[in-house]
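The values are calculated or read from the model by the stated rules, or taken from the named source; none is laboratory data. Small disclaimer: the values here were computed from a predicted structure and weren't measured. Positions of Cβ are backbone-derived with ideal geometry, glycine not excepted, and every protein chain shown enters the neighbour counts. Ligands, DNA and RNA are stripped out before the accessible areas are found, and what is left, the full protein with its side chains, is counted by its heavy atoms. Shrake-Rupley method; radii C 1.70, N 1.55, O 1.52, S 1.80 Å.
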Amino acid sequence: MAASEACVSGHLLPLASVLDSFRGAFDFMLHQRDSVTGGGVQVGGLSAVGHLAWTQLWVSALALGVSFAIALPAGLILGHRGKGEFLAVGLGNAARAIPELGVIAFLVAFVGVGLRNVTIALMILGIPPILTNTFVAIRQVDRGAVDAARGMGMRGAQIVARVELPLAAPTIMTGVRTAAINIVATATIASLVGVATLGKLILGQDTYGVDGVLAGAILVALLALMVELGLSAVQRLITPRGLRLQRSASRA
(Lines give C-alpha, C1' and ligand atoms only; values in the text may rest on other atoms or scores of the structure.)
Protein backbone atom coordinates (compact mmCIF):
# COMPACT_ATOMS: atom_id res chain seq x y z
CA MET A 1 0.00 0.00 0.00
CA ALA A 2 2.79 2.37 0.91
CA ALA A 3 4.63 1.49 -2.31
CA SER A 4 1.50 2.19 -4.35
CA GLU A 5 1.00 5.57 -2.70
CA ALA A 6 4.65 6.44 -3.32
CA CYS A 7 4.25 5.55 -7.01
CA VAL A 8 1.16 7.75 -7.35
CA SER A 9 2.92 10.57 -5.55
CA GLY A 10 5.89 10.20 -7.88
CA HIS A 11 3.64 10.67 -10.90
CA LEU A 12 1.79 13.61 -9.41
CA LEU A 13 4.92 15.61 -8.65
CA PRO A 14 5.96 16.10 -12.33
CA LEU A 15 2.34 16.93 -13.22
CA ALA A 16 2.21 19.54 -10.47
CA SER A 17 5.47 21.01 -11.76
CA VAL A 18 4.07 21.26 -15.28
CA LEU A 19 0.89 22.92 -14.03
CA ASP A 20 2.93 25.40 -12.00
CA SER A 21 4.97 26.24 -15.10
CA PHE A 22 1.85 26.94 -17.14
CA ARG A 23 0.36 28.95 -14.29
CA GLY A 24 3.51 31.05 -14.18
CA ALA A 25 3.45 31.54 -17.96
CA PHE A 26 -0.15 32.77 -17.96
CA ASP A 27 0.57 35.01 -15.00
CA PHE A 28 3.47 36.48 -17.02
CA MET A 29 1.08 37.22 -19.89
CA LEU A 30 -1.46 38.94 -17.67
CA HIS A 31 0.61 40.80 -15.08
CA GLN A 32 3.80 42.81 -15.05
CA ARG A 33 6.69 41.72 -12.87
CA ASP A 34 10.31 42.59 -12.23
CA SER A 35 12.75 41.21 -14.78
CA VAL A 36 15.18 38.49 -13.81
CA THR A 37 18.01 41.00 -14.04
CA GLY A 38 16.28 43.34 -11.58
CA GLY A 39 17.08 47.04 -11.71
CA GLY A 40 13.42 48.05 -11.55
CA VAL A 41 12.75 46.86 -15.12
CA GLN A 42 9.18 45.63 -15.59
CA VAL A 43 8.41 42.82 -18.02
CA GLY A 44 5.31 40.90 -19.04
CA GLY A 45 1.72 42.04 -18.86
CA LEU A 46 -1.04 42.20 -21.45
CA SER A 47 0.21 45.37 -23.11
CA ALA A 48 3.82 44.29 -23.66
CA VAL A 49 3.03 40.69 -24.58
CA GLY A 50 0.15 41.74 -26.82
CA HIS A 51 2.40 44.15 -28.70
CA LEU A 52 4.93 41.38 -29.37
CA ALA A 53 2.18 39.02 -30.54
CA TRP A 54 0.69 41.67 -32.83
CA THR A 55 4.12 42.40 -34.36
CA GLN A 56 4.68 38.68 -34.99
CA LEU A 57 1.28 38.42 -36.68
CA TRP A 58 1.91 41.55 -38.77
CA VAL A 59 5.37 40.38 -39.91
CA SER A 60 3.93 36.96 -40.77
CA ALA A 61 1.02 38.45 -42.73
CA LEU A 62 3.37 40.70 -44.69
CA ALA A 63 5.70 37.82 -45.58
CA LEU A 64 2.79 35.55 -46.50
CA GLY A 65 1.26 38.27 -48.69
CA VAL A 66 4.50 38.76 -50.61
CA SER A 67 4.95 34.99 -50.96
CA PHE A 68 1.40 34.63 -52.27
CA ALA A 69 1.79 37.51 -54.73
CA ILE A 70 4.89 35.87 -56.23
CA ALA A 71 4.10 32.17 -56.04
CA LEU A 72 0.43 32.12 -57.10
CA PRO A 73 0.83 33.79 -60.53
CA ALA A 74 3.96 31.73 -61.24
CA GLY A 75 2.20 28.50 -60.31
CA LEU A 76 -0.89 29.40 -62.36
CA ILE A 77 1.14 30.21 -65.48
CA LEU A 78 3.37 27.15 -65.24
CA GLY A 79 0.48 24.85 -64.41
CA HIS A 80 -1.74 26.17 -67.21
CA ARG A 81 1.03 25.73 -69.75
CA GLY A 82 2.04 22.37 -68.36
CA LYS A 83 5.68 23.38 -68.31
CA GLY A 84 8.24 24.12 -65.65
CA GLU A 85 7.57 21.16 -63.37
CA PHE A 86 11.22 21.13 -62.31
CA LEU A 87 11.02 24.79 -61.34
CA ALA A 88 7.69 24.53 -59.55
CA VAL A 89 8.25 21.23 -57.73
CA GLY A 90 11.98 20.53 -57.73
CA LEU A 91 13.25 23.97 -56.83
CA GLY A 92 10.26 24.49 -54.55
CA ASN A 93 11.19 21.44 -52.49
CA ALA A 94 14.87 22.39 -52.52
CA ALA A 95 14.08 25.88 -51.22
CA ARG A 96 12.48 24.36 -48.11
CA ALA A 97 15.90 23.11 -47.05
CA ILE A 98 17.41 26.61 -46.96
CA PRO A 99 18.16 27.53 -43.32
CA GLU A 100 16.36 30.73 -42.38
CA LEU A 101 19.07 31.80 -39.95
CA GLY A 102 21.61 31.48 -42.75
CA VAL A 103 19.45 33.62 -45.03
CA ILE A 104 19.10 36.28 -42.33
CA ALA A 105 22.86 36.29 -41.69
CA PHE A 106 23.46 36.69 -45.43
CA LEU A 107 20.91 39.50 -45.72
CA VAL A 108 22.34 41.35 -42.73
CA ALA A 109 25.55 41.78 -44.69
CA PHE A 110 23.85 43.15 -47.81
CA VAL A 111 20.45 44.50 -46.71
CA GLY A 112 20.95 45.24 -43.03
CA VAL A 113 18.69 44.57 -40.08
CA GLY A 114 15.00 45.35 -39.84
CA LEU A 115 11.64 44.43 -41.31
CA ARG A 116 12.81 44.14 -44.93
CA ASN A 117 15.42 41.55 -43.98
CA VAL A 118 12.90 39.44 -42.08
CA THR A 119 10.27 39.71 -44.82
CA ILE A 120 12.67 38.42 -47.46
CA ALA A 121 13.80 35.52 -45.28
CA LEU A 122 10.25 34.46 -44.39
CA MET A 123 9.13 34.98 -47.99
CA ILE A 124 11.68 32.40 -49.10
CA LEU A 125 10.11 30.02 -46.59
CA GLY A 126 6.57 30.74 -47.80
CA ILE A 127 6.99 30.55 -51.58
CA PRO A 128 7.74 26.80 -52.04
CA PRO A 129 4.50 25.28 -50.67
CA ILE A 130 2.31 27.84 -52.45
CA LEU A 131 4.16 27.48 -55.76
CA THR A 132 4.22 23.68 -55.66
CA ASN A 133 0.59 23.29 -54.60
CA THR A 134 -0.62 25.80 -57.18
CA PHE A 135 1.22 24.04 -60.01
CA VAL A 136 0.02 20.59 -58.93
CA ALA A 137 -3.55 21.82 -58.37
CA ILE A 138 -3.81 23.34 -61.87
CA ARG A 139 -2.38 20.22 -63.49
CA GLN A 140 -4.93 18.07 -61.63
CA VAL A 141 -7.93 20.03 -62.91
CA ASP A 142 -10.19 17.86 -65.05
CA ARG A 143 -8.97 18.28 -68.63
CA GLY A 144 -12.51 17.70 -69.85
CA ALA A 145 -13.67 20.88 -68.11
CA VAL A 146 -10.77 22.82 -69.63
CA ASP A 147 -11.49 21.50 -73.12
CA ALA A 148 -15.18 22.34 -72.72
CA ALA A 149 -14.31 25.90 -71.71
CA ARG A 150 -11.99 26.20 -74.70
CA GLY A 151 -14.75 24.87 -76.95
CA MET A 152 -17.04 27.62 -75.63
CA GLY A 153 -14.56 30.20 -76.91
CA MET A 154 -12.76 31.04 -73.68
CA ARG A 155 -9.18 32.17 -73.98
CA GLY A 156 -6.24 31.23 -71.79
CA ALA A 157 -6.71 33.88 -69.09
CA GLN A 158 -10.47 33.23 -68.96
CA ILE A 159 -9.93 29.49 -68.57
CA VAL A 160 -7.51 30.08 -65.72
CA ALA A 161 -9.78 32.55 -63.93
CA ARG A 162 -13.15 30.86 -64.46
CA VAL A 163 -12.33 27.15 -64.61
CA GLU A 164 -8.88 26.15 -63.39
CA LEU A 165 -8.50 28.52 -60.44
CA PRO A 166 -11.90 27.79 -58.81
CA LEU A 167 -11.41 24.03 -59.17
CA ALA A 168 -7.83 24.21 -57.90
CA ALA A 169 -8.62 26.55 -54.99
CA PRO A 170 -8.80 23.88 -52.23
CA THR A 171 -5.37 22.45 -53.06
CA ILE A 172 -3.88 25.93 -53.45
CA MET A 173 -5.24 26.90 -50.04
CA THR A 174 -3.60 23.83 -48.53
CA GLY A 175 -0.27 25.24 -49.70
CA VAL A 176 -1.16 28.67 -48.33
CA ARG A 177 -2.02 27.15 -44.95
CA THR A 178 1.28 25.27 -44.86
CA ALA A 179 3.20 28.41 -45.76
CA ALA A 180 1.32 30.46 -43.15
CA ILE A 181 2.04 28.01 -40.32
CA ASN A 182 5.71 27.81 -41.29
CA ILE A 183 6.02 31.59 -41.40
CA VAL A 184 4.18 32.25 -38.13
CA ALA A 185 6.29 29.68 -36.30
CA THR A 186 9.54 30.98 -37.80
CA ALA A 187 8.82 34.69 -37.36
CA THR A 188 10.28 34.41 -33.87
CA ILE A 189 13.72 34.81 -35.47
CA ALA A 190 12.81 38.40 -36.37
CA SER A 191 13.96 39.40 -32.90
CA LEU A 192 17.52 38.57 -33.97
CA VAL A 193 17.52 41.46 -36.46
CA GLY A 194 15.79 44.18 -34.48
CA VAL A 195 12.10 43.37 -35.05
CA ALA A 196 10.59 42.59 -31.63
CA THR A 197 8.33 39.55 -31.97
CA LEU A 198 7.52 36.77 -29.51
CA GLY A 199 11.00 35.47 -30.18
CA LYS A 200 12.17 38.21 -27.83
CA LEU A 201 10.58 36.25 -24.99
CA ILE A 202 11.68 32.82 -26.20
CA LEU A 203 15.29 33.90 -26.68
CA GLY A 204 15.44 36.11 -23.59
CA GLN A 205 15.40 33.75 -20.63
CA ASP A 206 18.07 35.82 -18.89
CA THR A 207 15.64 38.75 -18.83
CA TYR A 208 12.18 37.20 -18.83
CA GLY A 209 12.83 33.95 -16.99
CA VAL A 210 11.37 30.53 -17.69
CA ASP A 211 7.83 31.92 -17.40
CA GLY A 212 8.52 34.38 -20.20
CA VAL A 213 10.02 31.71 -22.45
CA LEU A 214 7.04 29.42 -21.95
CA ALA A 215 4.61 32.31 -22.42
CA GLY A 216 6.22 33.13 -25.76
CA ALA A 217 6.05 29.50 -26.89
CA ILE A 218 2.38 29.20 -25.89
CA LEU A 219 1.46 32.39 -27.74
CA VAL A 220 3.27 31.27 -30.90
CA ALA A 221 1.33 28.00 -30.80
CA LEU A 222 -1.95 29.89 -30.27
CA LEU A 223 -1.20 32.25 -33.16
CA ALA A 224 -0.42 29.31 -35.44
CA LEU A 225 -3.68 27.61 -34.40
CA MET A 226 -5.65 30.82 -34.97
CA VAL A 227 -4.15 31.28 -38.44
CA GLU A 228 -4.82 27.63 -39.31
CA LEU A 229 -8.47 27.86 -38.27
CA GLY A 230 -8.95 31.15 -40.09
CA LEU A 231 -7.46 29.91 -43.36
CA SER A 232 -9.40 26.64 -43.08
CA ALA A 233 -12.59 28.68 -42.94
CA VAL A 234 -11.49 30.66 -46.00
CA GLN A 235 -10.73 27.41 -47.81
CA ARG A 236 -14.24 26.13 -47.13
CA LEU A 237 -15.77 29.39 -48.34
CA ILE A 238 -13.92 29.46 -51.68
CA THR A 239 -14.33 25.74 -52.44
CA PRO A 240 -17.01 25.38 -55.15
CA ARG A 241 -20.20 23.79 -53.86
CA GLY A 242 -19.96 21.02 -56.45
CA LEU A 243 -16.54 19.98 -55.17
CA ARG A 244 -17.79 19.94 -51.58
CA LEU A 245 -20.73 17.72 -52.55
CA GLN A 246 -18.44 15.45 -54.56
CA ARG A 247 -16.06 15.00 -51.64
CA SER A 248 -18.91 14.37 -49.20
CA ALA A 249 -20.27 11.70 -51.54
CA SER A 250 -16.82 10.11 -51.83
CA ARG A 251 -16.47 9.91 -48.02
CA ALA A 252 -19.97 8.42 -47.72
If we keep only residues of the stretch 54-82 that are more than 22 Å from P170 (Cβ to Cβ) and of a type in the set (S, T, N, Q), then the residue surrounded by the fewest Cβ atoms within 10 Å (Cβ to Cβ) is T55
Residue set V176, V213; condition open to solvent by less than 60 Å² (accessible area, probe 1.4 Å) and either without any contact (Cβ under 8 Å) to a residue 40 or more places away in the chain or in contact with a Cys (Cβ under 9 Å, 6 or more places away or on another chain) (or both); output residue V213
Only unsatisfied item for L12, checking (1) modelled with pLDDT under 80; (2) part of a helix (DSSP H, G or I); (3) open to solvent by less than 50 Å² (accessible area, probe 1.4 Å), is (3)
Of the residues in the stretch 144-168, those that are open to solvent by 10 Å² or more (accessible area, probe 1.4 Å) and among the small types (G, A, S) come to G144, A145, A148, G151, G153, G156, A157, A161
Conditions (1) at pLDDT 85 or above; (2) closer than 18 Å to V213 by Cβ -> S60 fails only (2)
**Item:** Yes/no for A97 being outside any loop (DSSP other than H, G, I, E, B), open to solvent by 60 Å² or more (accessible area, probe 1.4 Å) and modelled with pLDDT under 75
**Value:** no
Turns out the helices (runs of 4 or more DSSP H) fully within the stretch 123-206 with at least 3 residues that are modelled with pLDDT of 85 or more are 165-186, 199-202
